[in-house]
Structures are given as C-alpha cells and as structure tokens.
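Below is one structure, written out as structure tokens, with a few remarks after it.
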Amino acid sequence: GDSVTQMEGPVTLSEEAFLTINCTYTATGYPSLFWYVQYPGEGLQLLLKATKADDKGSNKGFEATYRKETTSFHLEKGSVQVSDSAVYFCAQKGNQGGKLIFGQGTELSVKP
Amino acid sequence: GAVVSQHPSWVICKSGTSVKIECRSLDFQATTMFWYRQFPKQSLMLMATSNEGSKATYEQGVEKDKFLINHASLTLSTLTVTSAHPEDSSFYICSASPGGSYEQYFGPGTRLTVT
C-alpha cells in the first residue's frame with residue numbers, strides 16, 4: 001500500500017547549520033506531498049506542499065522538491081534556528097478518499 | 001483563518017469512565033473531519049473520517065463502539081472514548097477540511113491520560 005518513510009531522528013544541529021530531512025514515498029498514483037511541523041505540545045501545522053512532479057514547495061526558509069524519478073520529497077533549510085526545533089512529518093495524499101498518510105516523524109533539535 | 005480548536009487540551013480520567021473530546025472549526029465550515037491518534041515519538045494514525053450528518057468511517061482495527069464519533073454540525077465533531085482503559089492514554093488530534101478543499105487544518109490536540 002501507499003506509505004511514507006522518513007529518516008530517523010533525532011537530528012541535532014547547531015544554529016545556522018544546513019538541514020536535510022529525507023523523505024521517500026510509495027504510491028500507486030501521483031500523490032500530493034506535504035511537510036508538517038509540530039512544535040512541542042502543539043498540533044500539526046502545514047509547512048509546505050507540492051502537488052505535482054518537479055514542484056518546489058517553500059515556506060519560512062524551508063523548501064522541498066517533488067522528485068518523481070526518485071519518489072522523494074526531502075526537506076531542506078540553509079540555516080536553521082533554535083526556533084526550528086520541532087518534529088517534522090512528511091505526508092502524502094493520494095487517491096484514497098482524501099486520507100493523509102504520514103511518515104513517522106523526525107525530531108529536530110537546534111542548539112545555540 | 002482556518003483555525004481548529006480542541007477541548008479539552010488535556011484530561012485525566014479513571015479507568016472505566018468515558019470522556020468526550022470536542023473539535024471545532026472556528027472560522028470555516030468543515031464538511032469532513034478526521035480523528036488521529038499519536039503515540040509518543042510516533043506518527044499520526046488515522047482513526048476515522050467523519051462527514052457532517054453521516055456515520056463515521058473507521059480505519060481497520062479501530063473499535064467503533066469504543067471510539068464514538070459524532071459530526072452533528074459543520075463546525076463540530078466529537079470523539080467519545082467509552083469505558084476508557086490505560087492503554088487508551090494517548091494524544092488525540094483532529095483535523096478539518098472545508099468543503100471543496102483537500103486541505104486539512106489540524107487542532108492542537110488533546111492529551112488523554114487514563115489512570
């Protein structure tokens with residue numbers, strides 16, 4: 001079935017370091033892809049999305065490109081801040097009646 | 001815009017009792033609402049999908065008699081955990097989708113602890 005796989009965390013970086021969180025998916029069709037962020041004690045917030053191949057989603061310095069050939073949607077940020085510390089979830093939404101399928105989440109901790 | 005609230009934000013109940021969690025869309029009408037369960041340091045697991053005015057569709061393995069979902073209006077859905085047990089302790093998150101949109105807007109979650 002359709003699924004999403006993320007790199008395991010936790011990921012610990014120093015402030016201003018470069019961030020990559022890998023995400024790959026399996027799908028029978030052409031899903032829309034999402035990154036959500038969950039700050040401690042809060043619900044999920046949509047960070048960015050891409051709806052078709054080669055689309056690049058971007059927001060708050062984060063970006064991810066929908067790569068159909070590698071079935072990937074890796075999240076990147078050039079310079080992380082302490083305030084970026086959170087759990088990041090990759091997700092897809094395909095042809096299953098509107099259901100979002102989440103990866104397991106990757107915890108990011110940014111140290112000053 | 002697109003704010004979803006949940007109430008309560010946390011609740012502690014005794015084993016064998018029932019607890020109700022509310023999910024409200026504050027500034028839009030939600031034709032579809034979703035209920036998820038999240039275990040510590042794990043992903044969100046979809047429990048059920050509810051459309052206003054109709055019965056909820058439960059995911060495989062979710063007991064519909066234990067997790068009662070009501071979506072009585074376009075702005076309110078409730079999840080009732082009946083005869084709660086310690087293994088029901090979890091973080092429950094709802095999301096809501098406006099009519100005609102595939103976007104899901106998430107609530108802040110409710111932490112349930114069953115003692």
Item to check | Residue that is modelled with the lowest pLDDT, among those in segment A:57-112 that are over 12 Å from residue A:47 (Cβ atoms) and basic (Lys, Arg) | outcome: A:99
Next on the checklist: Restricting to segment B:31-61, give me the number of residues that are modelled with pLDDT of 85 or more, outside any strand (DSSP E or B) and within 13 Å of residue A:100 (Cα to Cα).
Outcome noted: 1
Checklist entry - Taking segment A:33-78 only, how many residues are among the hydroxyl-bearing types (Ser, Thr, Tyr), farther than 19 Å from residue B:42 by Cα and touching a Phe, Trp or Tyr at 6+ places or on another chain (Cβ under 7 Å)? => result 2
Checklist outcome for this item: For segment A:37-52 the number of residues that are part of a strand (DSSP E or B) and either more than 9 Å from chain B (Cβ to nearest Cβ) or not hydrophobic (A, V, I, L, M, F, W, C) (or both) is 7
Next on the checklist: If residue B:67 satisfies all but one of (1) over 22 Å from residue A:36 (Cβ atoms); (2) surrounded by fewer than 19 Cβ atoms within 10 Å (Cβ to Cβ); (3) among the hydrophobic types (A, V, I, L, M, F, W, C), what's the number of the condition it fails?
Outcome noted: (2)
Next on the checklist: Being in a strand (DSSP E or B), over 30 Å from residue B:3 (Cβ atoms) and either within 14 Å of chain B (Cβ to nearest Cβ) or free of Cβ contacts under 8 Å to residues at least 40 places away in the same chain (or both) narrows it down to one residue among A:5, A:24, A:12; which is it?
Outcome noted: A:5
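The values are calculated or read from the model by the stated rules, or taken from the named source; none is laboratory data. These numbers come from a predicted model, not from an experiment. Here the Cβ is made from the backbone with ideal geometry for all residues, glycine too, and neighbour counts use every protein chain on show.
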